[in-house]
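Report on the following structure.
Read-outs throughout are calculated quantities, based only on the coordinates presented, and are distinct from any laboratory measurement. All values reported here derive from a predicted model rather than from experimental measurement. Note that each Cβ is placed from the backbone with ideal geometry, even for glycine, and that neighbours are counted across all protein chains shown.
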Amino acid sequence: MKASSRASEGRKRPPDHRLGSDGDTAFVDGALTPLSDARIPVTDEGLLRGDGVFEVMRLYDGVPFARQSHLERMANSAQNLRLELDIGDIARDIDSLLAVAKPSDGLLRVVATRGGRRIVLIEPLPVPPAALTLGYMTFAPVRVLDGIKSLSYAANMLATRLARERGFDDALLVTPHGRVLELPTASFFWVVDGGVRTPPLSDHVLDSITRRIVIEVADGNEAITTRADLESAHEAFVASSVWEVIAVSRIEEHDLSARRPVTHAIAQKVRAHIEAELAGP
């Protein structure tokens, strides 16, 4: 993030339709700017302390899925963080950026910082893996941040890096007492005897929007989950706004690659749910 002069702070300019297209532009504090020139002050505590909130929405043919749910969660995160935020400004920034960028598929990232900055930008959609291998990583959730999707993600990102150093695709976070939680950026589900289970919100996992959809379409249940429980899992998968549903092929040494009928069926149901909602009434 680059510094800007105080003289330019809060200054808005009308959209310039010459400013490129999908992924080339951003909105910062209500002003459209080339992505390469998007700036906030280096003194912003969103940068210095990770003090802020964010949401990432998946774009389907230029339409953000579950937009209202994401904005509601962002407003709640800001309120819980005692961060002043006008969610209406965020919504207007999104509309303005989408009108100019005219994106197809991708990701829409929305950020609000302690320094009062609003950032909206479009990112490319990453290529999803066919399946994931997961390694356990001890992790202690910060209880005071329950219900807050904050910018403080350094621990999550480190967990992924450490898991990759061990040869896995990602980390499966586990408390020091052995309770399974989630991935650094996705919800975790497991299947036994055809039933779908996921760690409960009471264990301080994120109330993911895609997690809610999976529970609904799969008739899934929250269940306290331990490493020992997963030794009997027949299937496992992860869910997120970015990936929808992706199978897990291995957790540590437990091979789950043989059969994935439940995972496959749920992936289809989640995609059908998303398409139906995008199509509208």
Discussion item. Give me Rg/Rg_expected for the chain, where Rg uses Cα atoms only and Rg_expected = 2.2 N^0.38 Å with N residues.
Written reply: 1.05
Fill in: Linear extension gain, Arg259 paired with Ala130, 0.36 nm per residue minus alpha-carbon span
45.1 nm
Item to complete: Sort out the exposed loop trypsin sites (Lys or Arg not before Pro) in the chain (DSSP loop, at most 16 other Cβ within 10 Å) and tell me the longest stretch that has none.
Response: 167-258
Worksheet item: If you take the beta carbon distance between Glu45 and Asp95 as r and set R0 to 30 Å, what does 1/(1 + (r/R0)^6) give as a FRET efficiency, to the nearest 0.05?
Response: 0.60
Worksheet item: Scattering from the C-alpha atoms of region 165-266 alone, worked out with Debye: what is log10 I(q)/I(0) at q = 0.17, 0.23 1/Å?
Response: -0.70, -1.41
Item to complete: Kindly put Glu45, Glu244, Glu235 in sequence by how many other C-beta atoms sit within 10 Å of each C-beta, fewest to most.
Response: Glu45, Glu244, Glu235
Worksheet item: For the chain, with the dipole built from +1 on Lys and Arg beta-carbon atoms and -1 on Asp and Glu ones, taken about the Cα centre, which of Ala267, Val192, Tyr136 lies farthest toward the positive end?
Response: Tyr136
